[in-house]
Structures are given as C-alpha cells and as structure tokens.
1. When residues of segment 147-180 are filtered for being farther than 15 Å from E119 by Cβ and either modelled with pLDDT under 95 or within 13 Å of the chain's Cα centre (by Cα) (or both), how many remain?
2. So is T79 surrounded by 19 or more Cβ atoms within 10 Å (Cβ to Cβ) and under 14 Å from the mean Cα position of the chain (by Cα) or not?
3. Given the criteria touching a residue at least 60 places away in the same chain (Cβ under 8 Å) and within 16 Å of the ligand (Cβ to nearest atom), does L173 qualify?
4. Please work out if E90 is of a type outside the set (S, T, Y), surrounded by fewer than 17 Cβ atoms within 10 Å (Cβ to Cβ), within 16 Å of the chain's Cα centre (by Cα) and within 23 Å of L165 (Cα to Cα).
5. Go through (1) surrounded by 15 or more Cβ atoms within 10 Å (Cβ to Cβ); (2) touching a residue at least 60 places away in the same chain (Cβ under 8 Å) for D125 and report which single condition fails.
6. Does segment 192-201 contain any residue that is modelled with pLDDT of 95 or more, more than 16 Å from L233 (Cβ to Cβ) and under 18 Å from the mean Cα position of the chain (by Cα)?
7. Is there a residue being assigned to a strand (DSSP E or B), in contact (Cβ under 8 Å) with a residue 12 or more places away in the chain, under 30 Å from G207 (Cβ atoms) and away from the ligand (no atom under 11 Å from the Cβ) anywhere in segment 95-113?
8. Considering only segment 131-237, give the helices (runs of 4 or more DSSP H) lying wholly within it that have at least 3 residues that are under 25 Å from V15 (Cβ atoms) and touching a strand residue (DSSP E or B) at 6+ places or on another chain (Cβ under 8 Å).
Amino acid sequence: MTKGELLYEGKAKKVFRTDDENRCIVSYKDDATAFNGAKKGTIRGKGAINNRVTNRLMKLIEEKGIPTHFVEQISETDTVVKKVVIVPLEVIVRNIAAGSLSKRLGIPEGTPLRSTVLEFCYKNDELGDPLVNDWHILAMDLASKEDLAVIADYAQRINHILGELLEDVHISLIDFKLEFGKLPSGEIVLADEISPDTCRLWDTRTGEKLDKDRFRRDLGGVEDAYAEVFDRLVGGA
Ligand code: TMP
C-alpha cells in the first residue's frame, strides 16, 4: 500500500491517503506537546514505540471482541488503518485519581477511586478540549445516544483488558484516553492510539511514572520510561 497525499497532521501523528479509499496510513512522530500545544519537545524513539505499543494493544482488544481501526503495521513508525470519521470526543477512563481530576476535585494523586470514572471531553483545540457530559453530547449532536452507549461499554471493557495485561507486567493503569471512529457502515470502532502518550502508567512496585507525565512535568528520563513500557509490553512478546 502506497502513501499518498497528507490528509491531516496532528501533534503526534500524520495521516496519509492511500490508493484504497477505505484505508489510511498513520505515521507516528517523535514530536511531543503538552497543555494544548503550549509546551513542545521531542522524545527520541517515541514514534516507533507508540506505533508498536498501540498495535500490540489494538490487536489484543480486537481479539477480545471490540472492533478497532487497526489493519497492518508497515514500518517501524507507519500503520495501515481503516478510514473512519472520528467521533469528536476524548473518552477518558480513570481507575486512580491523577491529573486534571485530582486538580478539579481536590482528590490527591494516587487515591484509588471506589469505581471507574468515565469522562468525555469535546475535541476542540480552540476551546482546550472542554469536559462535557452526556447531555451536552446529545444536545450538540457529538454522538447519538446509541453510539454513546456503545462507546461507554467499549471503554469499560478496554479498561479491564488493558488493566489485566498491564498488571501482568507490573504496571498500574491509572487512567487513559481513547478515541473512537465511525466506519461508512455506521459501525463504531476504536481508533487513534493507546500509548504512554495517552495513558498514565505507574510501576506497580516502585510507583515510578512510565508515561508522558515525565515530559509534561519535566521529571527527566522520558525516553527511558517509554523504552521500559515498550520492553515490558512488546519486547518479550
Ligand atoms: P488529564 O488528567 O490531564 O485529564 O488526563 C487524563 C488522561 O488522558 C491521561 O492518561 C492523559 C490522557 N490525555 C491525552 O491522551 N491527551 C490529552 O490531550 C490530555 C489532556 C490527556
């Protein structure tokens, strides 16, 4: 499959047209941003790690019965995916308080949540991806009631699948962000990526942060943390 015209360039990935109108090629970059693009940097090797980690997780999720956009990895940084229309929501799943939830609700980071928290943000850079609830989503027609129910079900099932896998490699899944897309048939599929850019991953035994918070918070050891997640998830597979 050959790479055609650049369709879209995001902060961490490029999306290219292909000779098949139902397929795109996603190309992962080493570029990193935080705080809606206000902080910029490069994480060496990130593109290849996020590509391979995402594909490993997408394959597992698909095997467990949840449809994804994944088709085939074609290079270290490039993957063929099904062309979808992205549902303009960031779907955040939280198991342990951290980040914006801790800040907003005054719950110290690391506090286990009594039950899983599902949050939705409206994907809109100009507005800074504001938090929305089901009522906003329906009122703004960001997703239908039926699609929202499917998305919420998939998100919780993915949380269990990833939580178990990560537990086996001594990583705690604190929280993560998902995006979903719609195929021409109307089917909802998991899209985008699942990587240390989009998850909070803490070493279960030491509590060490193994994710993008090392970049966001200038903690150092960013590349090593990404490589550690890669080794534990893909290295031995
Ligand atoms: P938050 O605590 O900053 O809201 O982040 C929740 C989770 O979502 C965390 O695992 C990081 C991820 N995330 C993204 O993938 N992209 C984003 O733009 C933001 C703000 C968070």
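The values are calculated or read from the model by the stated rules, or taken from the named source; none is laboratory data. Worth saying up front: this structure is predicted, and the values here are computed from it rather than measured. Glycine also receives a Cβ, built like all others from the backbone with ideal geometry; neighbour counts cover every protein chain displayed.
1. Total meeting the criteria: 2.
2. No: the conditions fail for T79.
3. yes
4. Spelling it out, it is not the case that E90 is of a type outside the set (S, T, Y), surrounded by fewer than 17 Cβ atoms within 10 Å (Cβ to Cβ), within 16 Å of the chain's Cα centre (by Cα) and within 23 Å of L165 (Cα to Cα).
5. Here D125 meets the rest and fails (1).
6. Among the residues of segment 192-201, at least one is modelled with pLDDT of 95 or more, more than 16 Å from L233 (Cβ to Cβ) and under 18 Å from the mean Cα position of the chain (by Cα), which makes the answer yes.
7. Yes, that holds for at least one residue.
8. Helices (runs of 4 or more DSSP H) meeting the threshold: 145-168.
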